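Nothing in this text is a laboratory measurement; each read-out follows from the coordinates by a stated rule. All of these numbers come straight from a predicted model, not from anything done at the bench. As a convention, Cβ positions derive from the backbone with ideal geometry for all residues, glycine included, and neighbour counts pool all protein chains shown.
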Amino acid sequence: VSSTYGQFDLGGFPKAAAHWFRNQWLLTVPDESVDKTFPTKGKYEVYIVESWEPPNSWNETKGNTTRTIHVYSNAPKVQLQVNGESVGDPKALIPMREGPGTYAEFLDVPWKSGSVTALALDQNGKEVASMSRYTTSLAKPSQQKLVLSLDSPSENTGTGSSLFLDGQDAALLRASIVDDGDNVMHLATNNISFAIVSGPGAIQGTTNGDPRSHEPNNAPWHSAFHGLVRAVLRVTSVAGRSEYERELLSHIDHDGPMGFIDQEGHNAISMDDSDIVVEASCEGFDSVKITIPTTTASSAAALAVAGDTAGEGMLRYFEAGEDDVALSSSWPLETREA
């Protein structure tokens, strides 16, 4: 159990606040400002805070036929649509009730199964960005599936492409329950388990980001929260370490994750340099596997990767043209819904 404050939850998944800060502290700051880290070149973004599930999904709104929707954007106005039809007129962003910043608020939006879309409009009323949320809770079991992906290491997050075999490097895995449109199912709470199929790795822990969860974070399983579960994997091989370091570890890390006890009862350092295969499983779904590349090259160490690539992906996104769809407007904040 923990606090709900902050931009990221306990699983490292960005919350809505991360998009608000990105809008207010980055996109709305003029490029010529001396305190801006890098230029954003007039990019617009828009973010819908809430999901588009039925009002009856929550005790607080049972019996309602409408939803309240909040939108963050750096555009002057936002138009809301339900199933492609406009809901009223475009709304200008309004000041936050407490503190600086702005947002758009849409009250009493008639709920209909399907989608809700926010269109960001510039000063001339031209659409410059959009985002949609979809109703997923009505999907039949045959329309659902389990997906396993890798947030780190990943070129998309600037964390390299391989795990460094130093006995300490870690991977962040993301398991998602999605519908047949690959939309994360907001209300899914399925229990998901993780296991090492092969390679020098161990599941260090799991979490779902739910601040009210009492499930153990050191277990290889967790119930989904908003359709997501995070698993942390740690390498158990030191094949990338120097001979001197391996010799020291053979004496001092008897019970640590970087070694194991051999048949004669001695601490034996793992020198496995193979890739790691992880499997995620969930009752009612086909299990899924993912291969995590490993390397003995020190250039893949965490600090080396950070020094070489920090900010590159973000810069590529803001330098891309309007027709460049290599990175979505939500990158790198692939987030959960509120």
- Stretchable slack from Tyr244 to Ser33, in nm (0.36 nm times residue separation minus alpha-carbon distance): 71.0 nm
- Restrict the search to the range 77-161; then list the GluC sites (Glu not before Pro) that DSSP places in a loop and that have at most 15 other Cβ atoms within 10 Å of their Cβ. Glu98
- Task: Take the alpha-carbon centre of the range 213-246, take the same for the range 108-127, and report the distance between them in whole Å.
- Result: 40
- Note on the structure: Of all trypsin sites (Lys or Arg not before Pro) in the range 88-120, the ones in DSSP coil with at most 11 other Cβ atoms within 10 Å are Arg97
- Query: Fewest first, what order do Thr294, Thr236, Thr68 take by the number of other Cβ atoms within 10 Å?
  - Reply: Thr68, Thr236, Thr294
- Distance violations [Cα-Cα > 28 Å] among Lys77/Lys140; Lys77/Lys112; Lys41/Lys112; Lys15/Lys62; Lys41/Lys289: Lys77/Lys140; Lys41/Lys112; Lys41/Lys289
- Message: Based on alpha-carbon centroids, what's the gap between the range 24-72 and the range 172-190 in Å, whole number please?
- Response: 21
- Give me Ser274, Ser33 ranked fewest to most by other Cβ atoms within 10 Å of their Cβ, as a rough exposure proxy. Ser33, Ser274
